[in-house]
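Report on one structure; see the data block that follows.
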Amino acid sequence: MKDRTFERALKFVQKMHKGQFRAGKVPVWQHLLRVSETLAHVLSHTKEGTPAQRQIISIAALGHDLLEDTKATKAQIKNIFGERGFSLIEGMTNVHGDSNHAPYIRAIKGASEEVRLIKLADLYDNVSSVAPTLPLLDKKWTTSFFLPIVVPMFAAVKRTKFRKYQKTVALLIALVDVSFRQLEKELEN
């Protein structure tokens, strides 16, 4: 559902992540948009949560890297995403850095269902984006840096209980599983 709140959040995310790129010089905000759209589509399909809850989750997904990767202030984020959206963004924030991912995994395991849904959609986009860009990233980076972060995170989130979003989590887990299989095939070549 694209409305003024979504458009305002997207413009803010584009501004705050300006100059940040992923492999292949793809702007970071495109990853954030894909995570948001994945959640919006899956939640629309499952119809779990109220329309307002689904909207808050998918819009918060747009901002899930704001605290971690930009100079956006908490006040700015709350102004754009609201209190609930901010709490989901804060729940997605890795304050420990990629070199020490165990505390972040524990934090995500204990986070709300909504945060864990965003994390699954984030994992889906991250894993599915690595396979086609493998020549740019190289196998060594993928096997020595990327997979040691995403594999334990996915395993941990899969083991957590979901009560409100059981259909949604099942679809997201299936998407991540397929992405991992595709990446494994690329790594074998």
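The values are calculated or read from the model by the stated rules, or taken from the named source; none is laboratory data. Since this is a predicted model, take the numbers as computed values, not measurements. Positions of Cβ are generated from backbone atoms using ideal geometry, with glycine treated the same way; all protein chains shown enter the neighbour counts.
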- request: Under 8 Å between Cβ atoms, at least 6 apart or on separate chains: pull out the pairs that start in the range 123-144 with a residue that is at pLDDT below 90 and end on any residue that is among the aromatic types (F, W, Y).
  value: L137/F146
query: Pick from G97, G82: which is at positive phi, outside any helix (DSSP H, G or I) and either among the acidic types (D, E) or surrounded by fewer than 21 Cβ atoms within 10 Å (Cβ to Cβ) (or both)?
result: G97
query: Which one is surrounded by the most Cβ atoms within 10 Å (Cβ to Cβ), of the residues in the range 100-122 that are without any contact (Cβ under 8 Å) to a residue 60 or more places away in the chain and in contact with a Ser or Thr (Cβ under 7 Å, 6 or more places away or on another chain)?
result: R116
task: State which residue pairs qualify: first residue part of a loop (DSSP other than H, G, I, E, B) and inside the range 2-25, second residue surrounded by 16 or more Cβ atoms within 10 Å (Cβ to Cβ) and among the aromatic types (F, W, Y) in any location, beta carbons under 7 Å apart, and separation of 6 or more residues or different chains.
output: H17/W29
statement: Result of the Cβ filter at 6 Å on the range 40-58, keeping first residues that are within 15 Å of A9 (Cβ to Cβ) and partners that are surrounded by 22 or more Cβ atoms within 10 Å (Cβ to Cβ), at least 6 apart or interchain, is A40/S58; R54/L43; I56/G85; I57/L39; I57/E114; S58/S36; S58/L39
statement: Only one of (1) over 24 Å from S129 (Cβ atoms); (2) in contact with a helix residue (DSSP H, G or I) (Cβ under 9 Å, 6 or more places away or on another chain); (3) hydrophobic (A, V, I, L, M, F, W, C) does not apply to L67, and that is (1)
query: Where in the range 102-189 are there helices (runs of 4 or more DSSP H), lying fully within it, with 3 or more residues that are within 16 Å of the chain's Cα centre (by Cα)?
result: 102-109, 113-130, 147-158, 166-188
query: Are any residues in the range 38-62 small (G, A, S) and in contact with a Leu (Cβ under 7 Å, 6 or more places away or on another chain), and if so, which ones?
result: G49, S58, A60, A61
field: Hits in the range 149-172 - residues which are surrounded by 13 or more Cβ atoms within 10 Å (Cβ to Cβ) and closer than 25 Å to H96 by Cα
entry: I149, V150, V151, P152, M153, F154, A156, V157, K158, T160
